[in-house]
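Some notes on the structure that comes next.
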């Protein structure tokens with residue numbers, strides 16, 4: 001799926017029109033916290049890393065991120081491309097220790 005197509009499809013499920021940016025930014029932080037908790041529990045508590053739950057929570061992060069971009073009238077493809085361009089400039093030969 002293309003990022004812009006995802007952004008458009010995700011926007012169909014956006015609820016409300018007041019404080020959208022704040023709601024989405026807070027939701028993004030909360031869902032990122034869920035990903036962190038899964039990794040923390042795996043790393044430090046010896047729990048099995050539930051792949052399905054990780055995919056679910058990462059999808060929630062993606063949804064909120066796409067809606068922050070939507071609110072700011074930024075095509076989601078632009079976010080992804082800009083990030084890759086930055087990484088390529090920062091690490092032209094890939095990341096090496």
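Inside segment 12-26, can you point out the residues that are part of a helix (DSSP H, G or I), surrounded by 14 or more Cβ atoms within 10 Å (Cβ to Cβ) and touching a residue at least 40 places away in the same chain (Cβ under 8 Å)?
The answer is 20, 24, 25.
So, in segment 40-60, how many residues would count as being out of contact with any helix residue (DSSP H, G or I) (no Cβ under 8 Å at 6 or more places or on another chain) and assigned to a helix (DSSP H, G or I)?
Residues flagged as out of contact with any helix residue (DSSP H, G or I) (no Cβ under 8 Å at 6 or more places or on another chain) and assigned to a helix (DSSP H, G or I) within segment 40-60 amount to 11.
If you check residue 38 against the conditions, is it closer than 25 Å to residue 78 by Cα and surrounded by 13 or more Cβ atoms within 10 Å (Cβ to Cβ)?
No: the conditions fail for residue 38.
For residue 87, are the conditions met, namely being in a helix (DSSP H, G or I), surrounded by 11 or more Cβ atoms within 10 Å (Cβ to Cβ), free of Cβ contacts under 8 Å to residues at least 12 places away in the same chain and within 14 Å of the chain's Cα centre (by Cα)?
no
Scanning for something in contact (Cβ under 8 Å) with a residue 60 or more places away in the chain and within 16 Å of residue 9 (Cβ to Cβ), does segment 55-65 turn up at least one residue?
Checking segment 55-65: not a single residue is in contact (Cβ under 8 Å) with a residue 60 or more places away in the chain and within 16 Å of residue 9 (Cβ to Cβ).
Values in this text are rule-based calculations from the coordinates and carry no lab data. None of the values given here were measured: they were computed from a predicted structure. FYI the Cβ positions are ideal-geometry reconstructions off the backbone, even for glycines, and counts take in every protein chain you see.
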